[in-house]
Amino acid sequence: MSGGTSKNNGQHWAGLASIGAGIIHGAAIGLHADHAASSRVFLVLTLLQVGWGIAALSNFNKNTAWLGLIINGGAVVGWVITRTIGISFISGLEIPENPQPADSLCALLGGMAVVGIVWALWRPENHASDVSIVNASYILTAITLVGLWTLTGHVHAHGVLELTDSALSINADGVIVGPSASQSATTTVTTVAQGLDVRSQDELVAEDLASAATTVPKKKTTTTTTTLSPTTTAHPHTVTRDQQLAAASGWPKAFDPSAPIDFSGIGGVTAEQAARATTLIQANARDLAKYANTAAAYADGYRSIGDGSSGYEHYIKQSLISDNRMLDTTAPESLVYKASGTTRTLVSAMYIANPGTLLTDATLNNYAGGLMQWHVHDNLCWSLDSQGNPKVVAVTNAAGICPFGVRQTGGAPMVHVWLAPHPCGPFAAVEGVAAGVADVSDSERVDLCNRQH
């Protein structure tokens with residue numbers, strides 16, 4: 001067969017299948033234009049598969065066959081890897097995706113090319129008839145066209161969340177600060193992306209409670225991690241690029257405060273972000289030690305929101321909510337105690353951003369890169385106790401209505417920093433239904449122990 005020009009069935013099927021796979025890869029180049037490395041991979045595959053297919057149709061020999069096995073076999077193996085574990089060293093392919101029609105048909109054509117090559121080597125005397133050539137052309141062209149057609153509806157599983165700019169900044173102490181305390185105290189945010197109404201929490205709770213009762217709270221109510229049922233998010237199925245890379249590298253990992261903090265090997269985290277996260281964890285443990293018991297917290301102005309039945313009880317200091325300082329370990333907005341009967345054990349701080357801050361805020365999301373996930377609570381029902389302190393009294397039902405109390409919407413973003421060991425990392429949300437709502441689906445969050453992590 002070496003140097004021969006006559007075609008056999010395997011040769012014809014292999015050549016056309018390789019060309020079809022290359023054409024689909026070529027059509028996918030533009031879909032991956034946001035990642036130059038992956039676009040170049042598809043470009044190279046296009047040139048190799050189409051070029052080899054044309055060469056194989058005109059002159060097929062053992063050298064050609066082995067080259068075709070490497071090209072098309074490698075393409076199929078690469079597809080399997082991208083659907084299962086991802087390719088960590090190629091930008092845009094680090095995150096495994098579910099198989100979709102276009103890439104599946106492309107892999108099928110690559111596999112058919114491999115089978116055709118083996119067939120041609122095994123049965124070199126099996127020459128192709130005109131009918132078999134026409135049939136192969138029709139079938140493989142049809143598969144290619146279907147693959148191209150399905151590309152028009154191709155969905156990227158690794159859609160990236162677009163962050164929004166803000167006036168926040170990070171000072172030398174690693175604290176996120178706003179423009180000025182006096183400015184934020186009188187500012188009402190009424191216009192945000194996609195027409196969402198995110199007014200200050202003071203106004204929202206005061207307005208709702210005033211319509212439900214005759215008393216307006218003296219202090220504003222904040223959102224907290226308490227008994228919560230999953231709800232729809234404003235940005236479903238989108239994640240920041242850093243969170244994608246962190247998840248692909250195995251984040252979150254269990255947190256043990258007695259062990260050295262080590263973020264090595266975690267993607268989506270710069271050296272500066274890792275150092276900032278390390279400092280935050282260490283400062284959190286140092287500065288919160290004085291609140292080991294609830295009496296100390298109460299003496300310093302923290303009040304329980306009455307959610308101990310959830311397994312965790314949150315104490316909030318209302319005066320810190322709008323102080324324009326976020327992730328300040330010397331002034332945490334909320335302290336979280338593990339509740340077991342009458343025993344309360346300090347396990348975490350819950351830091352709350354300024355009212356009106358978006359989950360997509362660039363400063364919040366870039367603080368620790370992919371290590372951290374901010375969330376909100378927007379389906380809690382609130383009321384006031386006899387001292388005028390806000391309490392969580394229920395959660396909304398399936399229709400989003402509070403059975404009693406008043407629902408607060410537009411909650412501020414928040415994040416936990418743990419002192420106690422946690423299997424989902426130092427920035428994990430309270431587990432179970434108290435995890436709150438992030439800007440992604442629960443399966444994509446890096447502050448929950450998801451299966452893929």
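The values are calculated or read from the model by the stated rules, or taken from the named source; none is laboratory data. These numbers come from a predicted model, not from an experiment. Don't worry about glycine lacking a Cβ; one is built from the backbone with ideal geometry, like all the others, and counts go over all protein chains shown.
Things to note:
- Screening residue 315 against (1) surrounded by fewer than 19 Cβ atoms within 10 Å (Cβ to Cβ); (2) closer than 17 Å to residue 289 by Cα leaves a single unmet condition, (1).
- Residue selected from the range 270-292 under the condition modelled with pLDDT of 95 or more and in a loop (DSSP other than H, G, I, E, B), by the criterion nearest to the chain's Cα centre (by Cα): 288
- Hey, residue 236 modelled with pLDDT of 50 or more and part of a loop (DSSP other than H, G, I, E, B) or not: no
- Meets criteria (within 24 Å of residue 381 (Cα to Cα) and touching an Asp or Glu at 6+ places or on another chain (Cβ under 7 Å)) for residue 333: no
- Top-ranked residue in the range 280-296 [being free of Cβ contacts under 8 Å to residues at least 24 places away in the same chain and not hydrophobic (A, V, I, L, M, F, W, C); ranked as surrounded by the most Cβ atoms within 10 Å (Cβ to Cβ)]: 282
- Positions within the range 70-99 being surrounded by 17 or more Cβ atoms within 10 Å (Cβ to Cβ) and more than 19 Å from the chain's Cα centre (by Cα), in sequence order: 71, 72, 75, 76, 78, 79
- Within the range 318-351, the residues that satisfy the criterion of being touching a helix residue (DSSP H, G or I) at 6+ places or on another chain (Cβ under 9 Å), within 14 Å of residue 420 (Cβ to Cβ) and either buried (at least 21 other Cβ atoms within 10 Å of the Cβ) or modelled with pLDDT under 90 (or both) are 335, 337, 344, 346, 348, 349.
- Number of residues in the range 352-380 that are out of contact with any helix residue (DSSP H, G or I) (no Cβ under 9 Å at 6 or more places or on another chain) and surrounded by 21 or more Cβ atoms within 10 Å (Cβ to Cβ): the value is 5.
- Residue that is of a type in the set (Gly, Ala, Ser), modelled with pLDDT under 90 and surrounded by fewer than 23 Cβ atoms within 10 Å (Cβ to Cβ), where the choices are 37, 27: 37
- In the range 360-384, residue farthest from residue 319 (Cα to Cα) [restricted to those that are in a loop (DSSP other than H, G, I, E, B) and at pLDDT below 85]: 379
- Contacts under 6 angstrom Cβ, first residue in the range 310-327 being free of Cβ contacts under 8 Å to residues at least 40 places away in the same chain and part of a loop (DSSP other than H, G, I, E, B), partner of a type outside the set (Ser, Thr, Tyr) and surrounded by fewer than 22 Cβ atoms within 10 Å (Cβ to Cβ), 6 or more apart: 317/301
- One residue alone among 250, 267 is loosely packed, with under 14 Cβ neighbours inside 10 Å, assigned to a loop (DSSP other than H, G, I, E, B) and under 27 Å from the mean Cα position of the chain (by Cα), and that residue is 250.
- Of all residues in the range 146-181, those being surrounded by 12 or more Cβ atoms within 10 Å (Cβ to Cβ) and at pLDDT below 60 number 8.
- Residue count, the range 282-319 (criterion: within 17 Å of residue 384 (Cα to Cα) and aromatic (Phe, Trp, Tyr)): 2
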